[in-house]
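Scroll down for the structure; my scribbles are underneath it.
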């Protein structure tokens, strides 16, 4: 007799495969088969009902305990082992309705059949296996589910759970090119980058103090050798004194041999000590140059935003300081503190002779002060004209091709020669005065020697001194006055070195890089320009006036206008290469001046109107000369800029070496390589200034494809152009007229407004009459 009792779920789980069981029991009557199917249907309904109860239970638990740590075990959800234990149950569950969607606001996410309260999407993942399998939640399954459903380098944040705490990045962790988050030094970044972190200042003042500390410490050691050297200098006067008063009177050969041996040893030791102190000074100069070279260059590069680049000449000031540290002038100043002891020694020989030395020293000090006042202004004027000549020389080196092509060599040399002539004139005036005072000091010193010997002879005739004491006093007096005379002769070097140090200290201490910065999250690309006003220093001409517009992440903008309208100036302001007189440029609501410069540079790209490549390979130029850039990042930038095929046609591909003038690349090829450099590191904003000025039709097509790639990557792009061809590749258009915004809006609206003015959109390029 057939059993009409409905089997339990556990009994079904041990009966084996249902379908195969039905097929194998052909002897059963149709009524028995129907009753069996009815029982299976009842079991299936009960199973679905139990699943619904489990989901409701999980929802209630999540709503009742929103702050509980979801990594802990969830005892409210029944495990699969408690409900289903055989393959037969799985076959039955395949006939169940599709999995239900959970409430994303209250229920934890279900991925691959596992509950996950942290993943954040709140959706039930359907991967082609409709059977819902419930297991006891734990930390390990959640991690596995997250790895399977979340791409590497991305973080999904659920709307009601707030931001996810950033993980600390290890030094060797590299961000993927397509990731998001704080940059890791290569511009790619990833979601795990640390952000909202207070970055300490670069503190160039500390570098300056470290250099001064090194100088002081080494000078203390040098002073010890200087004292020893000056003491050993007394060996010659003592030798002469002993020969005159002892050897010649006693006629003792033994005494002469012993004195000669001692003096020879003292002279050799003096030479060794003098060589050691000069070696220490030389190494001190090298250490100072090594410590201050990089800070000076960094500070000069930053300060050049506000000037014509004269700050780079501060490296020449560092060379001047280095030369002073190894000069004999510094040794004269180091010998100066020992001079009073020599004066005391002369006093011990006889007070009259000591008085002569003191009088001569005071006169030499007066000459030194007069020399300083008479030469300071002329030396300063000479240095000013020399700096101007050096700037012109740098300009000639950068524009050597133009100078030769247009036969401008005589004119360029004439401009350089005018500044050099002014510098030479001032130097001649200063040097004439310096030479005059130096000659006066030598004359005073020679007269001092005459007075010492003459008055000493008078004292010897009176029996107060011996001949040897007179000669010794004369030699010691010469050592006492030597440092003062040396300081007068090298006063020009002293003035120049002091001025050089002042410029170095001013540059390092006033650098904006000294201030603390806040490392922000990697920008999304929102750009806000607020009431920009720009008036170049030293002029009254307004280049930009009240420029205001905003772009959302992923927007593309074309800036059009006639020549001189301020388009290039606006592009430079958008990347922070020049700063506005007033107004703000904000990236993700933060003013560009408040971004960490390194992080900001890694997050943007820039193609200037005047394309310049660095001496190096194409690979290095695309990677912005970074040694830590990976080949994958370089290739990704080349593909994004659509220049990979062009580079592949070169004889050495990415390893092709580019000279300072860009050879062997053509103008269009240089521009396309610079375009890839702009897209390196997955930037969130790119500014292109006349990107198609040197491109042929194939290059323009590649540029159009690059802009399309940027749009797919949600990169905010600002393109400065005068050619209507690029207008079809942007979302918005801004028209600048005399530094003000005449039109700004969606491309179709702006073009319609321009067409209403009678503008010929087929013109190439846009001319002044059409845009005004």
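A short reminder: the numbers here are calculations on the coordinates, not readings from a lab. Values in this document were obtained by computation on a predicted structure and should not be read as measured data. All Cβ positions, glycine included, derive from the backbone under ideal geometry; neighbour counts span all protein chains shown.
Distance between the pseudo-spin-label points of residue 258 and residue 283 (7 Å out from Cα toward the beta carbon): 3.9 nm. With the simple model of a label 7 Å out from the Cα in the direction of the Cβ, residue 362 to residue 696 spans 8.6 nm.
You can think of it this way: the chain between residue 639 and residue 436 has 66.1 nm of extra reach, that is 0.36 nm per residue less the Cα-Cα gap. Note on residue 376 and residue 32: the extension gain reaches 111.8 nm, defined as 0.36 nm multiplied by sequence separation minus the Cα-Cα distance. The order of the peptides 227-234, 372-379 by mean Cβ neighbours within 10 Å, most packed first, is 227-234, 372-379. When both the range 560-619 and the range 627-672 are represented by their alpha-carbon centers, they are found 22 Å apart. Based on the Kirkwood approach, the hydrodynamic radius assigned to the range 524-756 is 18.0 Å, with every pair of different Cα atoms included.
So if I take the alpha carbon set of the range 348-489, get Rg, then get Rh from the Kirkwood formula, what is the Rg over Rh ratio? Numbers along the way, then the final one.
Values: Rg = 25.0 Å, Rh = 18.6 Å.
Using only Cα positions, Rg/Rh for the range 348-489 is 1.34.
Taken over the Cα atoms of the range 456-572, the convex hull encloses 242 Å³ per residue. Restricting the calculation to alpha carbons of the range 221-345 gives Rg and Dmax of 23.0, 80 angstrom.
Full extension of the chain between residue 597 and residue 652 yields a length gain of 16.4 nm, computed as 0.36 nm times the residue separation minus the alpha carbon distance. Under 19 Å from a label point set 7 Å out along the Cα-to-Cβ vector of residue 533, the amide N atoms of the range 735-759 belong to 737-742.
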